[in-house]
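Enquirer: Next up is a structure, given as structure tokens.
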Amino acid sequence: MSADSATVLGIDIGGTKMAAALVAADGTILTEDRILTPPGNADQVFDALAELVGRVVGGTTPIAVGIGSAGPLDLTHGLVSPVNITGWRNFPLVDRVRALVGDVPVELGVDGHCFALGESWTGAGRAVDTLLGIVVSTGVGAGIVVDGKPLLGQSGNAAHLGHMVVDLDGEACACGSYGCVETYASGPRMVARAQRRGWRAGERVDAAVLSADAAAGDEIALAVFDDGAQALAAGIVATAVTVDLTTVVIGGGVAKAGPVLFDPVSRWVKRLAQLPFVTELTVEPAQLANAGLLGAARLAWATT
Ligand SMILES: [Zn+2]
């Protein structure tokens, strides 16, 4: 195979779906497919992934593999324990994937890091080398790219912006702390907050319904989005002044709310970002539908 036609395999592992793609050196996706993450034990889940990978790879031999996965992860040993994939606990994903595709480099990364890397590579952040990427959905994940590389930190878990404490008197968070960004800004938490104030009390509704009602002018929905936006902005500005960056990209299901989320986020960021080196801080929607998958592929290319 010539260098021009070389490809890597990107894999994106989430609690809801799994995706795989063959990706060229310039970020072009050659083949891509996805499946719903099946329930089941470790092997049943992996067998479904293996079938997906086999279908995507076909007769080609990728020169490296990058995997982005929901955490927690053990990057040193290549183990994954995604909170929403109960069959995988300390599952040796890196070794199992290597056994599948042959003896090539296999790189593992946090899903939020891969999202930021993907947007930095070919998405909303392609004009800059340093950015913060945030995924707002059932939780709040994030990744920081510095000089084109994901910031890993000591254990590989850097950029847990969702668990930055922004309210010293805040509610308990699933992580054990309290007042985290996620307690204000995740989809389920925003829905719960709105329902406690009387919005669609007793109905089974999700963040998409909340954002539609906010867009239609519902006062409770708008107030809850404003609170979530304020928490996100506090996390964004704290990160920006710590890392020294000015580009922020937000994706994920809740970000589909559009201006209902982005307008108050930008307004709060403008209010909170006062130091001279962050006054140009901008927050933009993600441009890629599959940033995590592309970021995983970028990890693979970085090994070649
Ligand atoms: Zn937390």
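Enquirer: Take L281, L30 and order them by how many other Cβ atoms sit within 10 Å, fewest up front.
Expert: In order of increasing Cβ crowding within 10 Å: L30, L281.
Enquirer: Which log10 I(q)/I(0) values, to two decimals, does the stretch 124-285 give at q = 0.16, 0.17, 0.19 Å⁻¹ under the Debye formula with one point per Cα?
Expert: Calculated log10 I(q)/I(0) at the listed q: -0.86, -0.97, -1.18.
Enquirer: Build a GNM of the chain with springs between Cα atoms under 10 Å: which of A216, A124, A159 gets the top mean-square fluctuation?
Expert: Checking each option, the largest mean-square fluctuation is seen for A216.
Enquirer: Follow-up. Under the rule of at least 5 residues apart or a separate chain, name every residue whose amide H is placed under 5 Å from the amide H of G109.
Expert: Residues meeting the amide H criterion: I67, G68, S69.
Enquirer: Please list 3J(HN,Hα) in residue order for the stretch 148-163, calculated via the Karplus relation 6.51 cos²θ - 1.76 cosθ + 1.60 where θ = phi - 60°; whole Hz, with x for glycine and proline.
Expert: Here the 3J(HN,Hα) series is x, 10, x, 7, 8, x, 4, 10, x, 10, 4, 6, 6, 4, x, 10 Hz.
Enquirer: Same structure, new question: Stretched out fully, how many nm does the piece from D167 to I35 gain, at 0.36 nm a residue minus the Cα gap?
Expert: Once the chain is fully extended between D167 and I35, it gains 43.7 nm.
Enquirer: Among E119, E51, rank each residue by its count of other Cβ atoms within 10 Å, from fewest to most, as a rough exposure measure.
Expert: Arranged by neighbour count, lowest to highest, E119, E51 become E51, E119.
Enquirer: Under the classification rounded if a/c is under 1.5, otherwise prolate if a/b is larger than b/c and oblate if not, where does the stretch 207-304 fall, given a ≥ b ≥ c as square roots of the Cα gyration tensor eigenvalues?
Expert: Judged from the Cα gyration tensor, the stretch 207-304 comes out oblate (a/c at least 1.5, b/c at or above a/b).
Enquirer: Among A223, I35, A291, which residue has its Cα positioned farthest towards the positive end of the charge dipole of the chain, with +1 placed on the Cβ of Lys and Arg, -1 on the Cβ of Asp and Glu, and the dipole taken about the Cα centre?
Expert: A223
Enquirer: Of V205, V166, I85, which is farthest on the positive side of the dipole of the chain, counting Cα position, with +1 on Lys and Arg Cβ, -1 on Asp and Glu Cβ, and the Cα centre as origin?
Expert: It is V205, whose Cα lies furthest towards the positive end.
Enquirer: So for E32, E203, fewest C-beta neighbours within 10 Å to most, what's the order?
Expert: E203, E32
Enquirer: Give me the percent of DSSP beta bridges within the chain that run antiparallel, rounded to the nearest 5.
Expert: Expressed as a percentage, antiparallel bridges in the chain total about 60.
Enquirer: Here is a further query. Out of the DSSP beta bridges found with both residues in the stretch 1-115, what percent are antiparallel (nearest 5)?
Expert: 60
Enquirer: Given Cβ point charges of +1 (Lys, Arg) and -1 (Asp, Glu) and nothing else, what value in debye, to the nearest 20, does the dipole of the chain about its Cα centre take?
Expert: Using Cβ point charges on Lys, Arg, Asp and Glu, the chain gives about 300 debye.
Enquirer: Report, ordered by chain and residue number, the lysines lying within cross-link reach of K256, taken as a straight Cα distance under 24 Å and ignoring same-chain residues fewer than 8 apart.
Expert: Excluding near neighbours in sequence, the set is K17, K270.
Enquirer: Turning to a different aspect of this structure: Determine the calculated [θ] at 222 nm for the chain from helices alone, applying -39500 (n - 2.57) to every DSSP H run no shorter than 4 residues and normalising by the residue count; nearest 500 deg cm²/dmol.
Expert: Helix-only estimate at 222 nm: -11500 deg cm²/dmol.
Enquirer: Tell me which residues come under 5 Å, amide H to amide H, from G251 once H is placed; ignore anything under 5 positions away on its chain.
Expert: HN-HN under 5 Å from G251: I134, V135, V136, A286.
Enquirer: For the stretch 16-173, taking Cα atoms only, what is the radius of gyration to one decimal and the Dmax to the nearest whole Å?
Expert: Rg then Dmax for the stretch 16-173, in Å: 16.3, 57.
Enquirer: Provide the packing ranking of 288-297, 70-79, i.e. peptides ordered by the mean count of other C-beta atoms within 10 Å per residue, highest first.
Expert: 288-297, 70-79
Enquirer: Taking the Cα centroid of the stretch 1-72 and of the stretch 233-260, what is the distance between the two, rounded to the nearest whole Å?
Expert: For the stretch 1-72 versus the stretch 233-260, the Cα centre distance is 28 Å.
Enquirer: Next question, about the same structure. Rounded, prolate or oblate: pick one for the chain, where a ≥ b ≥ c are the square roots of the eigenvalues of its C-alpha gyration tensor, a/c under 1.5 means rounded, and failing that, prolate if a/b is larger than b/c, else oblate.
Expert: Taking the square roots of the gyration eigenvalues as a ≥ b ≥ c, the chain is prolate.
Where a number appears in this text, it was derived from the coordinates with a stated rule and is not lab data. This is a predicted model, so every value here is computed, not measured. Cβ atoms come from the backbone with ideal geometry, glycine included; neighbour counts cover every protein chain shown.
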